[in-house]
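Bear in mind that the values in this text are calculations on the coordinates, not laboratory data. What you are looking at is a predicted structure, and each value in this text was computed from that prediction instead of being measured. Positions of Cβ are backbone-derived with ideal geometry, glycine not excepted, and every protein chain shown enters the neighbour counts.
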Amino acid sequence: MATVPSKLYSDDVSLLMVLMDANPFFWNSVKSNYLFSDFLTHVLAFLNSIFLLNQFNKVVVIATGYNSCDYIFDSAALHGQNQRAESLLQKLEDFLDKDESLCRENSVNGPSVSLLSGSLSMALCYIQRVFRSGPFHPQPRILCLHGSPDGPGQYVAIMNSIFSAQRLMVPIDSCVIGGQHSAFLQQASYITGGVYLKPQLLDGLFQYLATVFATDLNSRAILQLPKPVGVDFRASCFCHKNTIDMGFICSVCLSIFCEHQKKCSTCGSVFGQSQAHNSSGPDQKRNTF
Amino acid sequence: MDTQVMKRAKYKSSVKDPGVPGVLKLTMERFVFMPSDPKSSAKLNVEFGMIKGHKFTKEGAKQALLNLTQDQGGNYILEFDNFPDRDVCWDFVGELQSQLNIPKGLTLNHPLRTTAIAFHCEVGGVTSDKPAAPVSTEQLSTSEMECRIKLLQENSELQRLHKQFVIGGILTEAEFWATRKKLLELDDNRRPKQWVALKNEMWTIKPLSDGQSNRVTFNLTPEIIHQIFAEKPAVRQAYLNFVPNKMTEKEFWTKYSRAEYFHSTRNVIAAAAEAALDEELAVFLKQDKMLVDEARRKIRRVDPTVDMEADKGDDYIHLPDRGLLNDDTKDVLDAQYEPYRRSFSQNLNQHAAVVLQGRVVDVSLGDARSVAEALIRTKQAELANDLSDRNLDRERSDRISRVSEIEDLRGPQDPSVAPLCIMDPWDYFDSQHANALEPLGDAGSGAYTVLSSVRSSEAYDSLRELISDVRVRGLKEPFMNQEVPFKVLNVLTQNISSTKFNIGKNPHGSVLDSLPKVLKEELLHHSTSIQELLKHFWSSYPITTKYLYMKGTAT
């Protein structure tokens, strides 16, 4: 990034990482209600308004696909050019081609799962690079525009990303477009201090985005933003990746199992003999965080 | 009450009038004013039946006036020489009025009504369109009326309710105040109920000794006498025995002071010598036998299960003489002088015990004799209580045996359960609320009616199509209908401003606090007036009389 005179750098400059859900199977399953083209329109308008808020605002868009994730827009790279929407759309198309080529299945049932953990990790790496770029850097935050259902197999990776974001003090905002709530994103927003929203009226998505997600981190202290009533804290087990309520936890590394194991697969510690029907090695606890 | 009062006074026809000096005589039925100057025509002979009210000037005003008002508006102004005179006459008149029981109850000229209406009008505009309040047949004394007026003046909320209901004709005065008896009572008992405790100084009777002459002066006030009687029962007993039979009070206290003086010089041998001479003095110099008995009784009552662990820090027990200064000369005395020694620690303990016990007897008993008697009575009562408390003893021995059980002989204890610890209960409930609403597991895919299988190429193609659509067309203009953002904003505001997030989280805040002040007060007033109405409404059930029926319909 080119050096910027320090007196122009106010404290409300933000770096917005948008993780856009580009899972074709998901969009195919909701196309009767909501078209991807409408979604794109709203999101592009929203990104333009972000640039209007502050001349030093930066936006990076990462597409979350079915087989891969990739950067499709980086405002820092487009320094000075005005062809933002066109370049984004072009890159999105290229991304879809690449994703299709990686696709090994011929047909898929239902909406299936997109690679949220991958795009979260990519976003966090970019943010880490920004932090090391110099004394003046914008305040980063992550906005997840997600619709696909949660994949329990990604539980561990997503939780790790969430905790890294918490350490870096980067809030993860979530805007869930699909039909159901996403437990992972609820947890992400709750733990990192972001905003979780599931809009009721998808026709007004731009209004939702502009009202709730456009403000920078400093101004959020004086605003009252919507809070979810409750957070779904259920986890998925490490062995089968099922979402469980009650399970076994290794007392050494806190990995979660849905049934009694002889040995912990994560840290290798050996569990003791179980008594009649109570286990003494791994403590049986109600699985709430 | 005296049947008549006679005072010097001046009769004035108005406040500015210098007044005609004369003598005022008040009797039960009438008051008569006779001027000093026989030629003056300002004679008055008025029956109290004609007098409806009285007004007066406050203490400290230029003139001590008493104004007796008549029904028809005439009044008689009397000026007194001083305020005590005026107060006597005023009390007389006041008592008379309450005794005569002003007939016809609250007429329209009644001071309570007029005062009440007066400041209702001040407060909230004229209530001319409301009907006149119902006349009650209640009889009030002036003090009660003053009480009520004061309450109304102090509490504006009460005033509003009073105005709304009583003046508005829905409730009568009597009913309104019937539920507020406690408030009226409270007013009367504004006097503090606590007594001032005994002073905590031990040496208040330190004498002033004049270095030049050989005289020592003691200062004894009733307060000090009270303290002496409380601390030293032997002196008390001696007082009751000796005065007024053997010696006068002054002699008694002189002897006592001499005894004290001897003690202060710590000259035990001299004290013994004096005691041999004067047997009354001996009483003061010897040790207090009654105190010893009391101490013995108290020790018997001490609970042996007291935890001595706490005492370990204060290790003064093991020091010689408990850490107090030791006077070596004390050890060389003969046995005959023992009774005359008084130890400092004993005095201190006794003094502390008395002070902590507080004032057992009301200090307003001025006479020393009565104080002594009262103290003796209380002590006897305590004694009686002690002797009759066999149950206490039994209970105590039970408790002792329970507490001091031997550890080895105890049975096995149940494993203790760790206490439940929820960090922030509201977090937990919030999260469970979400769980309760959402179906468990991944069966929440009810939005998709059919898990349709789709070919991957199809899916990708459709997506690509849509993207190129956007590229070609550009952004739709406008891309939202007009009313959609408005609806969205409404939904969001409702969501954000709903109180379900804040209820229960903050113990100090409440929904009411977030409203503007005027609104909050109106709401509170509405709720109190509704409560009041409901109270009276339900009190009139079951409807047994016509009066109750009327009341019910009115409310």
Checklist entry - Which length gain, in nm to one decimal place, applies between B:Ser529 and B:Gln494 when the Cα-Cα distance is subtracted from 0.36 nm times their residue separation? => result 9.5 nm
Checklist outcome for this item: Expected integer from the mean partner chain Cβ neighbour count at 10 Å over A:37-45 is 5
Next on the checklist: Neighbour counts of other C-beta atoms within 10 Å: give me B:Arg86, B:Arg8 arranged from fewest to most.
Outcome noted: B:Arg8, B:Arg86
Checklist entry - In degrees from 0 to 90, rounded to the nearest 10, what is the angle of the helix A:155-168 Cα long axis to the longest principal axis of chain A? => result 50 degrees
Next on the checklist: Highest mean first, how do A:243-249, A:126-132 rank when packing is the count of other Cβ atoms within 10 Å averaged over residues?
Outcome noted: A:243-249, A:126-132
Item to check | Contour minus Cα-Cα distance for B:Ile224 and B:Ser401 (0.36 nm per residue) | outcome: 59.2 nm
Next on the checklist: Report, in listed order, any pair from B:Lys7/B:Lys55; A:Lys31/A:Lys58; A:Lys241/A:Lys263 with a Cα-Cα distance greater than 29 Å.
Outcome noted: A:Lys31/A:Lys58
Checklist entry - Rounded to the nearest 500, what is chain A's calculated 222 nm mean residue ellipticity when only DSSP H runs of at least 4 contribute -39500 (n - 2.57) each, over all residues? => result -9500 deg cm²/dmol
Checklist outcome for this item: Violations at 25 Å Cα threshold for listed pairs B:Lys255/B:Lys298; B:Lys163/B:Lys520; A:Lys227/B:Lys476; B:Lys150/B:Lys546 -> B:Lys255/B:Lys298; A:Lys227/B:Lys476; B:Lys150/B:Lys546
Checklist entry - Spin-label point model (7 Å from Cα, Cβ direction): what's the A:Cys239 to B:Ala273 distance in nm? => result 10.4 nm
Checklist entry - Computed on alpha carbon atoms, what radius of gyration and Dmax characterise chain A, expressed in Å? => result 20.8, 71
Item to check | Kirkwood hydrodynamic radius over Cα pairs of segment A:7-152, then Stokes diffusion coefficient at 4 °C and 1.567 mPa s, in µm²/s | outcome: 80 µm²/s
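When a/c is below 1.5 the answer is rounded, else prolate if a/b is larger than b/c, else oblate, so apply that to segment A:137-182 with a ≥ b ≥ c taken from the square roots of the Cα gyration tensor eigenvalues.
oblate
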Checklist entry - Sorted by average packing, counted as other Cβ atoms within 10 angstrom per residue and highest first, what order do A:148-161, A:212-225, B:518-531 take? => result A:148-161, A:212-225, B:518-531
Item to check | Across chain A: Cys residues that no other cysteine approaches within a C-beta distance under 4.7 Å | outcome: A:Cys69, A:Cys103, A:Cys125, A:Cys144, A:Cys175, A:Cys239
Next on the checklist: Take A:Gln200 and A:Lys263, extend 7 Å from each Cα along the Cα→Cβ direction, and tell me the distance between the two endpoints in nm.
Outcome noted: 5.5 nm
Checklist entry - Is the shape of segment A:167-213 best called rounded, prolate or oblate, per the rule: a/c under 1.5 gives rounded, else a/b larger than b/c gives prolate, else oblate, with a ≥ b ≥ c the square roots of the Cα gyration tensor eigenvalues? => result oblate
Item to check | Cα gyration tensor, segment A:61-217 - rounded (a/c under 1.5), prolate or oblate | outcome: rounded
Item to check | Selected from A:Tyr34, A:Tyr71, A:Tyr196 as most flexible by GNM, with chain A as the system and alpha-carbon contacts under 10 Å | outcome: A:Tyr34
Checklist entry - What nm value, rounded to one decimal, do you get for the distance between A:Arg167 and B:Tyr261 when each label is placed 7 Å out toward the C-beta? => result 9.0 nm
Checklist entry - How many Cβ atoms of partner chains, on average, are near each residue of A:18-25 if near means within 10 Å of its Cβ? => result 3
Checklist entry - Summing +1 for each Lys or Arg and -1 for each Asp or Glu, what net charge is found among the other residues whose Cβ lies under 14 Å from the Cβ of A:Ser68? => result -3
Checklist outcome for this item: Longest principal axis of chain A (C-alpha) makes with the long axis of helix A:116-131 (C-alpha) an angle, in degrees to the nearest 10, of 60 degrees
Checklist entry - Helix A:84-102 versus the longest principal axis of chain A: what is the Cα-based angle in degrees, 0 to 90, to the nearest 10? => result 30 degrees
Item to check | Inter-chain shielding of B:86-95 (mean C-beta neighbours from other protein chains, 10 Å cut-off) | outcome: 0
